[in-house]
1. Could you please tell me which pairs satisfy a Cβ distance under 7 Å, a separation of 6+ or placement on different chains, a first residue in region 126-149 that is within 18 Å of Asp69 (Cα to Cα), and a second residue that is among the small types (Gly, Ala, Ser)?
2. State whether the residues of region 212-223 include one that is assigned to a loop (DSSP other than H, G, I, E, B), over 18 Å from the mean Cα position of the chain (by Cα), surrounded by 14 or more Cβ atoms within 10 Å (Cβ to Cβ) and hydrophobic (A, V, I, L, M, F, W, C).
3. Residues of region 106-138 being farther than 28 Å from Cys48 by Cα and either touching a helix residue (DSSP H, G or I) at 6+ places or on another chain (Cβ under 8 Å) or charged (D, E, K, R) (or both), which ones?
4. Can you spot a residue in region 166-186 that is buried (at least 18 other Cβ atoms within 10 Å of the Cβ), in contact with a Leu (Cβ under 8 Å, 6 or more places away or on another chain), modelled with pLDDT of 95 or more and within 28 Å of Asp69 (Cβ to Cβ)?
5. Please determine, by comparing only the residues of region 118-138 that are outside any loop (DSSP other than H, G, I, E, B) and among the small types (Gly, Ala, Ser), which one is surrounded by the most Cβ atoms within 10 Å (Cβ to Cβ).
6. How many residues does region 237-258 hold that are part of a loop (DSSP other than H, G, I, E, B) and within 20 Å of Asp174 (Cβ to Cβ)?
7. Pairs only if they're at least six apart or on different chains, beta carbon under 9 angstrom, first in region 89-117 and closer than 18 Å to Phe128 by Cβ, second of a type in the set (Asp, Glu) and surrounded by fewer than 16 Cβ atoms within 10 Å (Cβ to Cβ); list them, first residue then second.
8. Which of (1) of a type in the set (S, T, N, Q); (2) surrounded by fewer than 16 Cβ atoms within 10 Å (Cβ to Cβ); (3) part of a loop (DSSP other than H, G, I, E, B) does Gln115 not meet, given it meets every other one?
Amino acid sequence: MKRSFILSLCVFFYLFNFSIGDVQAQSKELRFVTWNMEHLAEHNGTGCIPRYDSDYTKLKDFTESLQADIVSLQEVENVAAVSRVFPESDWTIILSERPSSSAYTCRGNSQKSTQQRVAIAIRKGIVFQDLGSYKELALDRNGLRYGVVIRLIGSKDTIDVMGIHLKSGCFVNDYSLSDRIACEVLEKQVPILDAWIENHIQEKRKFIILGDFNHRLTVKNNKFWSVLNEIDGERIILNNSMQDLKGCHPKYPAPIDHILMGPQASKLQKFKSELVHYFPKSGEQMVQKDMLSDHCPISVILEID
């Protein structure tokens, strides 16, 4: 009897310890999203895409369906604008420190533009450090956007996250061969972004960059992508969540929104977790009038300890 009791006790503690270890070994899944919200303004009826209470409600409802944890946002006016879709009761909002730029008359209507800033929304409960704005991407030029950088702090994994919105208007495969002003600007932004990436790789730090690159990185022989994937002539491996996916826009399927992960962070990606989040459809297929903004969110899941 005594021997049987001791044996049962040993089995109990073995199973107990096994289950505790199992729980401790589980990674936390975090969904990273990037979304250009197309002139998201604080007040109803303002900006280049005037929205009203019903529009903000649709955006908020759609946001909840994303089941996101970290969201890189582009074209947002301020924290108050973001909080209409990402309530501050549930999210911490980090806004870029870019000074206000001059308003312009919107295309298609006579309204005045609102500010277009980059932000990151972090679900409450996630431990992070605000590393401030990456001002270098603005090239000291009025109107260009700063990056926003945070550091996620897990029990084992530390990941630097940068949200960006690069210069629009350069969609050729090799920006260095174009005399367009937009391409000349992008050509100056690329080495700045590349230096940030190289620094992280050389220091073996995990990182993820997500945002509106305004460039078709997944097109074959793309110069921008080639530059990012080498250090001093030696090839490195970056992972782009959109490599095998198309964008959602009915007219422009080649993606310009991307989520890039360095070699270390790529190991944390959940298999086949990359997604393009289509807006609710009015018919069998999503059409342009269904779009709540001119970009659909895209996402990927990382399993973080």
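The values are calculated or read from the model by the stated rules, or taken from the named source; none is laboratory data. Worth saying up front: this structure is predicted, and the values here are computed from it rather than measured. Glycine gets a Cβ as well: all are built from the backbone with ideal geometry, and neighbour counts include every protein chain shown.
1. Final answer for the pair search is Val148/Ser96; Val148/Ala119; Val148/Ser133; Val148/Gly163; Val149/Gly132.
2. The answer is yes; a qualifying residue exists.
3. Within region 106-138, Arg123, Lys124, Asp130 qualify.
4. Within region 166-186, one or more residues are buried (at least 18 other Cβ atoms within 10 Å of the Cβ), in contact with a Leu (Cβ under 8 Å, 6 or more places away or on another chain), modelled with pLDDT of 95 or more and within 28 Å of Asp69 (Cβ to Cβ).
5. Ala121
6. 7
7. Filtered contacts from region 89-117: Thr92/Asp130; Ile94/Asp130.
8. Status for Gln115: all satisfied but (2).
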